[in-house]
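Engineer: Structure incoming, see below.
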Amino acid sequence: MVGYPALPFLLRSFTAPEAVAMGEHSGQEKPRSTRQKVSGKNLSTAENANMRKVLPETYQAQGLQRLWRAHGDAVNKHLVARWSPATQTETLLKTDLFDEAVSDGLWPLLSSLAKRVFYVDCSLEVHEVAKGRYSRLQSIGADVRHLPFPTGTFDGIVSNSTLDHFKSLHDLSVSLQELFRVLRPGGNMILTLDNPSNPIILLRNWLPFPLLRRLKILPYYVGVTLGASRLEGLLKDSGFEVLEMETIMHCPRLLAVTAARWLEKNASLRTQGYFLRLLMAFEKLSRLPTRFLTGYFIAVKATKR
């Protein structure tokens, strides 16, 4: 089970003007941030297909802040570390920058897993906030449906809850085909999507988004997603071979988020640390037959043969 770094440092890093990149290569050359246009539109006004359509500042202002994000980061890091190759690869792609803009995200881990890590996102605002936290982060303004990379560029791809923000299944399918194209033969992709078998996800998708946003339950738009069998079928249709599939984020989300908000304002760092360990204990539910009812996300490890 994944552990948490020293909690005071972890929590301070979420709000510090320039976060310390844990695991960052000290001798690494500072990369340049490349901004492009998507389909002839400026990124600041383009349809934001691979972000949550909300600025990081707005997201944090609505209450989902550092303590809850610390748990989400820990779960994602544990998954990626467990499913990644034992040896460092050459190139890696991450399909959005939102996590790196609002929390530690995966940058500290990914920078140790590959010699060069590229991040794409449609939002200039998200790029700027993430680059403010990690100045060496190499980011490119791009739509995940139309990636500006040659075929077979990357040894690995990490796409955590990017593709479940499209309005149509067609866009999700196109994105998977594009990710398959830029992945080299023998490379692996780690993908997570909202789990529609979870009753909370089912109810959330049934309720209108404006209401959820007004109640501060959901500050960003969520789109289509797929259950386990349909997702596996779509991945196979896109050319992938599914190696593993499981679910993650098993804590009762609404209660956990509410508790995190209160503890962040009122509890000591030690108490917050106990809370984070309690949330992580819920990940043991992934071993049970009911995992597709309790897990908030479906996680897939797929390869390109």
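Engineer: Within region 258-268, track down each residue that is surrounded by 14 or more Cβ atoms within 10 Å (Cβ to Cβ) and part of a helix (DSSP H, G or I). Give the derivation first.
Structural biologist: Filtering region 258-268 for residues surrounded by 14 or more Cβ atoms within 10 Å (Cβ to Cβ) gives 259-261, 263-264, 267.
The answer is A259, A260, R261, L263, E264.
Engineer: Please enumerate the residues belonging to region 181-200 that are touching a helix residue (DSSP H, G or I) at 6+ places or on another chain (Cβ under 9 Å) and either in contact (Cβ under 8 Å) with a residue 60 or more places away in the chain or basic (K, R) (or both). Explain how you work it out, then say what you get.
Structural biologist: Looking only at region 181-200, we keep the residues that are touching a helix residue (DSSP H, G or I) at 6+ places or on another chain (Cβ under 9 Å), and these are 188-200.
Across region 181-200, the qualifying residues are N188, M189, I190, L191, T192, L193, D194, N195, S197, N198, P199, I200.
Engineer: Which ones in region 149-169 are more than 19 Å from the chain's Cα centre (by Cα) and at pLDDT below 95? Quick ask: steps written out before the conclusion?
Structural biologist: First, the residues of region 149-169 that are more than 19 Å from the chain's Cα centre (by Cα): 149-153, 168-169.
S168, L169 - these are the residues of region 149-169 that are more than 19 Å from the chain's Cα centre (by Cα) and at pLDDT below 95.
Engineer: Now a separate question. Got at least one residue in region 270-277 being over 14 Å from E246 (Cβ atoms), among the small types (G, A, S) and in a helix (DSSP H, G or I)?
Structural biologist: Filtering region 270-277 down to residues over 14 Å from E246 (Cβ atoms) leaves 270-277.
Filter once more, keeping what is among the small types (G, A, S): 273.
After this cut, where a residue has to be in a helix (DSSP H, G or I) as well, the list is 273.
Within region 270-277, one or more residues are over 14 Å from E246 (Cβ atoms), among the small types (G, A, S) and in a helix (DSSP H, G or I).
Engineer: Filter region 174-212 down to the residues that are modelled with pLDDT of 95 or more, of a type outside the set (V, I, T), in a helix (DSSP H, G or I) and surrounded by fewer than 23 Cβ atoms within 10 Å (Cβ to Cβ) and list them by number.
Structural biologist: Passing the criteria: Q177, E178, F180, R181.
Engineer: Which ones in region 231-250 are of a type in the set (A, V, I, L, M, F, W, C) and part of a strand (DSSP E or B)?
Structural biologist: Our first condition is that a residue be of a type in the set (A, V, I, L, M, F, W, C); within region 231-250, this holds for 231, 234-235, 240, 242-243, 245, 248-249.
V242, L243, M245, I248, listed by residue number.
Okay, residues lined up against (1) more than 12 Å from N195 (Cβ to Cβ); (2) polar (S, T, N, Q); (3) more than 17 Å from the chain's Cα centre (by Cα):
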{"position": "D237", "(1), (2), (3)": "yes, no, yes"}
{"position": "V242", "(1), (2), (3)": "yes, no, yes"}
{"position": "E246", "(1), (2), (3)": "no, no, no"}
{"position": "C251", "(1), (2), (3)": "yes, no, yes"}
{"position": "S286", "(1), (2), (3)": "no, yes, yes"}
{"position": "L293", "(1), (2), (3)": "no, no, yes"}
{"position": "F297", "(1), (2), (3)": "no, no, no"}
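Engineer: Going by the conditions given, is H170 without any contact (Cβ under 8 Å) to a residue 12 or more places away in the chain and farther than 22 Å from S84 by Cα? Steps first, answer last, please.
Structural biologist: Details: without any contact (Cβ under 8 Å) to a residue 12 or more places away in the chain: yes; farther than 22 Å from S84 by Cα: yes.
When the stated conditions are applied, H170 passes them.
Engineer: Based on this model, can you work out whether A228 counts as surrounded by 16 or more Cβ atoms within 10 Å (Cβ to Cβ), in contact with a strand residue (DSSP E or B) (Cβ under 8 Å, 6 or more places away or on another chain) and of a type in the set (G, A, S)?
Structural biologist: Details: surrounded by 16 or more Cβ atoms within 10 Å (Cβ to Cβ): yes; in contact with a strand residue (DSSP E or B) (Cβ under 8 Å, 6 or more places away or on another chain): yes; of a type in the set (G, A, S): yes.
Spelling it out, A228 is indeed surrounded by 16 or more Cβ atoms within 10 Å (Cβ to Cβ), in contact with a strand residue (DSSP E or B) (Cβ under 8 Å, 6 or more places away or on another chain) and of a type in the set (G, A, S).
Engineer: Any residue in region 287-298 that is part of a strand (DSSP E or B) and modelled with pLDDT of 95 or more? Explain how you work it out, then say what you get.
Structural biologist: In the first step, residues of region 287-298 are kept if they are part of a strand (DSSP E or B); the result is 297-298.
Now restrict to residues that are modelled with pLDDT of 95 or more: 297-298.
Yes: one or more hits.
The values are calculated or read from the model by the stated rules, or taken from the named source; none is laboratory data. Since we're looking at a predicted model, the values are computed, not measured. Every residue, glycine as well, gets a Cβ built from its backbone with ideal geometry; the counts of neighbours run over all protein chains shown.
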